[in-house]
């Protein structure tokens, strides 16, 4: 199960597990943001390719308007998933 | 040792699949990293069956077993036209990023995370077997 908390106007915190069943929830929150957005993934334990797709699509949407999606505090497991899919080259990952 | 679960063709079943796997993990000595990689691989294959084999109304079967120091997971689905995921092309990342694609990374992840993937098709049933050494 995925929980999304609002940290500030430009930062959200993803907590729990981002599997394919959470796609609609994630889009419903992410699509409300049109400027550069920071996602704190420090308490995200799991992400599948569906979750990666949601983040990529959001990144491209923001990018088209000169903004971006930044990801921070990735755990080693989540970092591995980004590395294996080379998405660590797409997103700005910050500690 | 083996254990079988039967799941409906719906993303909302993932919670029950994870529950089923985690019950099984309790009996086995597996590192957290391997558990997550196995769960991720099961989701990718399950969702591939749900999204791409839309002509089937049959449930999807999942078998878990430990053999010779490995975890073996088998997912079986009724399939008229077999789709062998082991024969899919590698992702061309240059093109992937250039065309701003956002899907199609699931099978790539399974190939990266598992030690072996096998596909069989017999009597209208496709079975994907993934193996991870523990």
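Any read-out appearing in this document is the output of simple, stated calculations on the displayed coordinates, not a laboratory observation. Source: prediction; values computed, not measured. Neighbour counts run over all protein chains shown; Cβ positions are idealised from the backbone, glycine included.
First obtain the Kirkwood hydrodynamic radius of chain B from its Cα pairs, then insert it into the Stokes-Einstein equation at 4 °C and 1.567 mPa s, and state the resulting D in µm² per second as a whole number.
84 µm²/s
Would you mind ranking A:3, A:58, B:127 by Cβ crowding within 10 Å, fewest neighbours first?
Ordered by Cβ neighbours within 10 Å, fewest first: A:3, B:127, A:58.
Mark the label point 7 Å from the Cα of residue A:88 along Cα→Cβ and return the residues of segment B:100-122 whose backbone N is within less than 16 Å of it.
Answer for segment B:100-122: B:109, B:112-113.
How high is the relative contact order of segment A:55-94, given as a whole-number percent (alpha carbon pairs under 8 Å, six or more residues apart)?
That works out to 43 percent.
What does the protein assembly as shown give for Rg and for Dmax, in Å, if only its C-alpha atoms count?
Just the Cα atoms of the protein assembly as shown yield Rg and Dmax of 17.9, 56 Å.
Quick one: work out Rg over Rh on the C-alpha atoms of chain A, Rh as Kirkwood radius.
Using Cα coordinates only, the ratio equals 0.91.
For segment A:22-95, what does the relative contact order come out to in percent, with C-alpha contacts under 8 Å and a separation of six or more?
After rounding, I find 36 percent.
Can you figure out the FRET efficiency of residue A:34 with residue B:92, using R₀ = 30 Å and their beta-carbon distance, to the nearest 0.05?
My answer for the efficiency is 0.45.
Top mean-square fluctuation among B:94, B:43, B:23, Gaussian network model of chain B, C-alpha springs under 10 Å?
B:94
I need B:98, A:70 ordered by Cβ neighbour count within 10 Å, fewest first.
Listed from fewest to most nearby Cβ atoms, that is B:98, A:70.
Once you keep just the Cα pairs under 8 angstrom separated by 6 or more residues, what percentage relative contact order results for chain B?
That works out to 29 percent.
What is the gain in length, in nm to one decimal, between residue B:84 and residue B:8 on full extension, counting 0.36 nm per residue of separation less the C-alpha to C-alpha distance?
25.2 nm
List B:96, A:27 from most exposed to least, where exposure is judged by having the fewest other Cβ atoms within 10 Å.
Final ranking by Cβ density, sparse to dense: A:27, B:96.
When the expected Rg is taken as 2.2 N^0.38 Å, what fraction or multiple of it is the alpha-carbon Rg of segment B:16-64?
Against the compact-globule rule of thumb, the ratio is 1.28.
Roughly what % of DSSP beta bridges within the protein assembly as shown run antiparallel, to the nearest 5?
Antiparallel bridges make up about 70 percent of those DSSP assigns within the protein assembly as shown.
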